[in-house]
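The values are calculated or read from the model by the stated rules, or taken from the named source; none is laboratory data. Note that this is a predicted model, so its numbers are computed, not measured. With ideal geometry, Cβ positions are generated from the backbone for all residues, glycine too; neighbour counts draw on all protein chains shown. Note: areas computed on protein heavy atoms with side chains; ligands, DNA, RNA excluded. Shrake-Rupley method; radii C 1.70, N 1.55, O 1.52, S 1.80 Å.
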Amino acid sequence: MSELTEWAYPLAESLLAEPLPRRWRHSQGVAERARAIAPILEEDAELLEAAAVLHDIGYSPDLAKTGFHPLDGARYLREVARADERVVRLVAHHSCAWMEAEARGLREELETEFQRETPELTDALCFCDMNTTPEGTPTNPVDRVNEIAGRYGPESLIGTFIRRAEPEILASTARVLERLAVTKGQPM
């Protein structure tokens with residue numbers, strides 16, 4: 001484990017494990033997916049793993065201010081935890097967060113405060129999140145989107161957002177899988 005991941009895991013656990021144990025299991029599973037795709041990330045593999053385990057900390061009752069977890073989590077990481085700026089940006093923009101921010105009237109606030117990270121890393125975190133169940137086990141993005149829409153209701157803000165984001169989620173997954181195939185096809 002790197003210094004960054006050694007810092008990230010206990011922080012995420014302290015914010016999620018007790019108040020939101022299912023969310024903590026999900027975050028651990030997302031980090032596990034990040035480790036699985038490390039070969040395509042090279043020097044950014046540990047950065048992605050740290051962001052993966054931290055991506056949902058904004059759900060923590062201690063952090064929830066706006067009700068929009070990517071923004072709440074990123075603000076905490078920046079202002080309180082003094083986290084690496086790239087981790088902060090990944091948390092702020094994970095899994096098509098801009099679309100949900102737009103639905104909440106927070107898109108300008110999100111994009112003014114936090115730059116987006118590289119498309120490769122943004123795709124990778126979306127892939128990890130959308131290929132992990134709420135319990136932390138592997139799934140696929142179609143089932144994950146259906147699970148989210150079902151949990152929140154199809155007419156809810158989240159249900160509407162996730163259906164709107166579905167094409168981009170599937171495209172992110174396809175791009176990551178393509179990069180994995182190319183990486184695995186390269187001679188060692």
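Table for the structure above
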{"quantity": "Per residue accessible area of the chain, 1.4 Å probe, in Å²", "calculated": "47"}
{"quantity": "Distance-filtered residues of the range 115-139 - backbone nitrogen under 20 Å, label point 7 angstrom along Glu178 Cα→Cβ", "calculated": "117-131"}
{"quantity": "Point-to-point label distance, Ala64-Arg151, nm (Cα→Cβ direction, 7 Å offset)", "calculated": "1.3"}
{"quantity": "Assigned charges on the beta-carbon of Lys, Arg, Asp, Glu; the chain dipole about Cα centre (debye)", "calculated": "420"}
{"quantity": "Dipole of the chain [Lys/Arg +1, Asp/Glu -1 at C-beta], most positive-end residue of Pro134, Ser2, Ile57", "calculated": "Pro134"}
{"quantity": "Carbon + sulfur, % of accessible area of the range 82-153 - ligands and nucleic acids excluded, 1.4 Å", "calculated": "49"}
{"quantity": "Order by protection proxy (mean Cβ within 10 Å, highest first), peptides 74-82, 88-96", "calculated": "88-96, 74-82"}
